[in-house]
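Visitor: Have a look at this one.
The values are calculated or read from the model by the stated rules, or taken from the named source; none is laboratory data. Keep in mind that this is a model prediction, so the values were computed, not measured. Cβ: placed from backbone, ideal geometry, glycine included. Neighbour counts: every protein chain shown. Heads up: the accessible areas ignore ligands, DNA and RNA and are worked out on the full protein's heavy atoms, side chains in. Shrake-Rupley method; radii C 1.70, N 1.55, O 1.52, S 1.80 Å.
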Amino acid sequence: MSRFDTSCIKLIIISGLIASIYGQINAAELTYDPLPTVQENITTHKAVLVDVREPKEWKEGHVEGAISLPLSSLKKGGDITTIEKEVPKHKIVYMHCVMGVRALKAANILEKLGYNVRPLKAGYTDLVNAGFNKAAN
(Lines give C-alpha, C1' and ligand atoms only; values in the text may rest on other atoms or scores of the structure.)
Protein backbone atom coordinates (compact mmCIF):
# COMPACT_ATOMS: atom_id res chain seq x y z
CA MET A 1 0.00 0.00 0.00
CA SER A 2 1.34 3.43 -0.93
CA ARG A 3 1.66 6.40 1.34
CA PHE A 4 -1.19 8.04 -0.54
CA ASP A 5 -3.50 5.06 0.13
CA THR A 6 -2.60 5.04 3.83
CA SER A 7 -3.23 8.80 4.11
CA CYS A 8 -6.60 8.43 2.39
CA ILE A 9 -7.64 5.63 4.73
CA LYS A 10 -6.63 7.69 7.78
CA LEU A 11 -8.54 10.69 6.43
CA ILE A 12 -11.66 8.58 5.87
CA ILE A 13 -11.48 7.13 9.39
CA ILE A 14 -10.97 10.55 10.98
CA SER A 15 -13.83 12.04 8.91
CA GLY A 16 -16.10 9.23 10.02
CA LEU A 17 -15.24 9.78 13.67
CA ILE A 18 -15.84 13.51 13.40
CA ALA A 19 -19.19 12.93 11.67
CA SER A 20 -20.20 10.45 14.36
CA ILE A 21 -19.28 12.82 17.20
CA TYR A 22 -20.98 15.78 15.51
CA GLY A 23 -24.12 13.73 14.96
CA GLN A 24 -24.29 12.85 18.65
CA ILE A 25 -23.69 16.41 19.79
CA ASN A 26 -26.21 17.95 17.41
CA ALA A 27 -28.78 15.17 17.19
CA ALA A 28 -31.88 17.34 17.45
CA GLU A 29 -32.90 19.50 14.53
CA LEU A 30 -35.47 22.24 14.21
CA THR A 31 -38.84 20.76 13.27
CA TYR A 32 -40.41 21.23 9.87
CA ASP A 33 -43.89 21.01 11.42
CA PRO A 34 -45.76 24.18 10.39
CA LEU A 35 -47.16 26.23 13.26
CA PRO A 36 -50.81 25.34 12.46
CA THR A 37 -49.84 21.66 12.81
CA VAL A 38 -48.02 22.39 16.06
CA GLN A 39 -51.08 24.21 17.37
CA GLU A 40 -53.41 21.38 16.30
CA ASN A 41 -51.21 18.73 17.92
CA ILE A 42 -51.19 20.68 21.16
CA THR A 43 -54.94 21.34 21.04
CA THR A 44 -55.70 17.65 20.40
CA HIS A 45 -53.34 16.64 23.23
CA LYS A 46 -50.95 14.79 20.91
CA ALA A 47 -48.22 17.19 21.99
CA VAL A 48 -47.10 19.61 24.68
CA LEU A 49 -45.30 22.92 24.38
CA VAL A 50 -42.22 23.46 26.52
CA ASP A 51 -40.78 26.94 27.01
CA VAL A 52 -37.05 26.72 27.76
CA ARG A 53 -36.56 30.42 28.39
CA GLU A 54 -35.44 31.58 31.79
CA PRO A 55 -37.92 32.42 34.61
CA LYS A 56 -37.62 36.19 34.07
CA GLU A 57 -38.57 35.78 30.40
CA TRP A 58 -41.44 33.44 31.35
CA LYS A 59 -42.84 36.02 33.81
CA GLU A 60 -42.76 38.68 31.08
CA GLY A 61 -45.15 36.56 29.03
CA HIS A 62 -45.68 32.99 27.91
CA VAL A 63 -48.02 30.86 25.86
CA GLU A 64 -51.12 29.53 27.58
CA GLY A 65 -50.69 25.88 28.57
CA ALA A 66 -46.92 25.86 28.00
CA ILE A 67 -44.64 24.11 30.47
CA SER A 68 -41.73 26.12 31.88
CA LEU A 69 -38.50 24.13 31.79
CA PRO A 70 -35.56 26.56 31.67
CA LEU A 71 -32.49 25.40 29.76
CA SER A 72 -30.32 26.40 32.72
CA SER A 73 -32.08 23.85 34.95
CA LEU A 74 -31.73 21.14 32.30
CA LYS A 75 -28.01 21.87 31.93
CA LYS A 76 -27.59 21.44 35.69
CA GLY A 77 -29.06 17.97 35.37
CA GLY A 78 -32.53 18.85 36.58
CA ASP A 79 -34.57 16.47 38.65
CA ILE A 80 -35.45 13.67 36.20
CA THR A 81 -38.50 12.64 38.26
CA THR A 82 -39.89 16.18 38.18
CA ILE A 83 -39.23 16.48 34.45
CA GLU A 84 -41.00 13.19 33.80
CA LYS A 85 -44.01 14.33 35.87
CA GLU A 86 -44.29 17.63 33.99
CA VAL A 87 -43.36 16.49 30.48
CA PRO A 88 -45.09 13.31 29.29
CA LYS A 89 -42.90 10.92 27.32
CA HIS A 90 -45.80 9.55 25.29
CA LYS A 91 -46.45 12.90 23.58
CA ILE A 92 -44.60 15.01 21.04
CA VAL A 93 -42.63 17.69 22.86
CA TYR A 94 -42.40 21.00 21.00
CA MET A 95 -39.79 23.27 22.54
CA HIS A 96 -39.35 26.98 22.07
CA CYS A 97 -37.24 29.87 23.28
CA VAL A 98 -36.70 33.13 21.39
CA MET A 99 -34.89 32.06 18.21
CA GLY A 100 -34.46 28.29 18.47
CA VAL A 101 -30.90 28.01 19.80
CA ARG A 102 -31.79 27.17 23.40
CA ALA A 103 -34.64 24.97 22.18
CA LEU A 104 -32.11 22.88 20.22
CA LYS A 105 -29.82 22.56 23.23
CA ALA A 106 -32.70 21.56 25.50
CA ALA A 107 -34.00 19.14 22.88
CA ASN A 108 -30.67 17.35 22.80
CA ILE A 109 -30.90 16.84 26.56
CA LEU A 110 -34.48 15.55 26.53
CA GLU A 111 -33.85 13.40 23.47
CA LYS A 112 -31.23 11.49 25.47
CA LEU A 113 -33.93 10.86 28.10
CA GLY A 114 -36.16 9.23 25.48
CA TYR A 115 -38.45 12.12 24.52
CA ASN A 116 -39.83 12.75 21.02
CA VAL A 117 -38.64 16.34 20.77
CA ARG A 118 -39.32 18.81 18.01
CA PRO A 119 -37.59 22.13 18.70
CA LEU A 120 -39.19 25.16 17.08
CA LYS A 121 -37.39 28.00 15.38
CA ALA A 122 -40.38 30.16 16.22
CA GLY A 123 -40.04 32.00 19.51
CA TYR A 124 -42.62 33.29 21.96
CA THR A 125 -43.49 36.38 19.88
CA ASP A 126 -43.76 34.30 16.69
CA LEU A 127 -46.10 31.85 18.41
CA VAL A 128 -48.36 34.63 19.70
CA ASN A 129 -48.39 36.26 16.26
CA ALA A 130 -49.36 32.87 14.77
CA GLY A 131 -52.44 32.68 17.01
CA PHE A 132 -51.20 30.88 20.14
CA ASN A 133 -52.90 32.40 23.20
CA LYS A 134 -50.96 34.44 25.72
CA ALA A 135 -51.26 33.22 29.28
CA ALA A 136 -53.05 35.51 31.72
CA ASN A 137 -49.99 35.30 34.05
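Visitor: Once amide H atoms are placed 1.01 Å from N in the peptide plane, what residues at a sequence separation of 5 or more from Val50, or on another chain, have their amide H within under 5 Å of its amide H?
Guide: Ile67, Tyr94, Met95, His96
Visitor: Something else about it: Quote to one decimal, in nm, the extra length available between Glu54 and Val128 on full extension: 0.36 nm per residue of separation minus the C-alpha distance between them. List each step's numbers first, then the result.
Guide: Values: separation 74, 0.36 × 74 = 26.64 nm, distance 1.80 nm.
Gain on stretching Glu54 to Val128: 24.8 nm.
Visitor: Near the amide H of Ala135, under 5 Å away, which other amide H atoms are found, from residues 5 or more places off or on another chain, if H is placed in the peptide plane?
Guide: His62, Val63, Glu64
Visitor: With θ set to phi - 60°, apply the Karplus curve 6.51 cos²θ - 1.76 cosθ + 1.60 along segment 87-102 and write out the HN-Hα couplings as whole Hz, x wherever there is a Gly or Pro.
Guide: Per residue, the Karplus-derived 3J(HN,Hα) values read 10, x, 6, 7, 10, 5, 10, 8, 10, 9, 9, 10, 10, x, 5, 5 Hz.
Visitor: Protein chains only, probe 1.4 Å: how do Thr31, Thr81, Thr37 rank by accessible area, largest first? Could you put the intermediate results ahead of the total?
Guide: Numbers: Thr31 30, Thr81 80, Thr37 55 Å².
Result of the area sort, largest leading: Thr81, Thr37, Thr31.
Visitor: Trp58: net charge of surrounding residues, Cβ under 13 Å, Lys/Arg +1, Asp/Glu -1, itself excluded? Mind dumping the intermediate values first?
Guide: Values: positive: Arg53, Lys56, Lys59, Arg102, Lys134; negative: Asp51, Glu54, Glu57, Glu60, Glu64.
Here the count lands on 0.
Visitor: So how do Leu35, Leu110 rank on accessible area, 1.4 Å probe, biggest first, that is with the largest at the start?
Guide: Working: Leu35 45, Leu110 0 Å².
Ranked from most to least accessible, the order is Leu35, Leu110.
Visitor: What figure, in Å² to the nearest 10, do you get for the accessible area of Val48 with a 1.4 Å probe and non-protein molecules left out?
Guide: Result for Val48: roughly 20 Å² accessible.
Visitor: Any chance you could run the full-extension gain for Lys75 through His45? It's 0.36 nm times the residue separation minus the Cα-Cα distance, nm to one decimal. All intermediate terms of the calculation are to be shown ahead of the outcome.
Guide: Values: separation 30, 0.36 × 30 = 10.80 nm, distance 2.73 nm.
Here the answer is 8.1 nm.
Visitor: Still on this structure: Taking Cα atoms of segment 58-121, Rg/Rh with Kirkwood Rh, to two decimals?
Guide: On the way: Rg = 11.1 Å, Rh = 12.0 Å.
Computed over Cα atoms, the ratio is 0.92.
Visitor: Let's test the formula: R0 of 30 Å, r as the Cβ-Cβ distance of Thr37 and Lys85. What FRET efficiency results, to the nearest 0.05? List each step's numbers first, then the result.
Guide: On the way: r = 27 Å, r/R0 = 0.89.
The value I calculate is 0.65.
Visitor: Return the lysines within reach of Lys134: Cα separation strictly under 26 angstrom, same-chain partners fewer than 8 residues apart disregarded; answer none if there are no such residues.
Guide: Correct list for Lys134: Lys46, Lys56, Lys59, Lys85, Lys89, Lys91, Lys105, Lys121.
Visitor: Which whole-Hz couplings ³J(HN,Hα) result when phi for each residue of segment 54-60 is put into the Karplus expression 6.51 cos²θ - 1.76 cosθ + 1.60, θ = phi - 60°, listed in order with x for Gly and Pro?
Guide: Each residue's phi maps through the Karplus curve to give 6, x, 4, 5, 4, 5, 6 Hz.
Visitor: Here's a follow-up. Using a 1.4 Å probe on the protein heavy atoms only, what accessible surface does Lys56 show? Give it in Å² to the nearest 10.
Guide: That residue has around 150 Å² of solvent-accessible surface.
Visitor: I've got another one for you. Sort His90, His96, His45 by accessible area with a 1.4 Å probe, largest first. Let's see the in-between values first.
Guide: Working: His90 155, His96 0, His45 130 Å².
Output order, biggest surface exposure first: His90, His45, His96.
Visitor: Roughly how many percent of the accessible protein surface of segment 46-111 is carbon and sulfur, given a 1.4 Å probe and a whole-percent answer?
Guide: Values: 1860 of 3270 Å².
Reported share for carbon and sulfur atoms: 57 percent.
Visitor: Can you give the accessible area of Ile9, probe radius 1.4 Å, in Å² rounded to 10?
Guide: Counting only protein heavy atoms, the figure is 80 Å².
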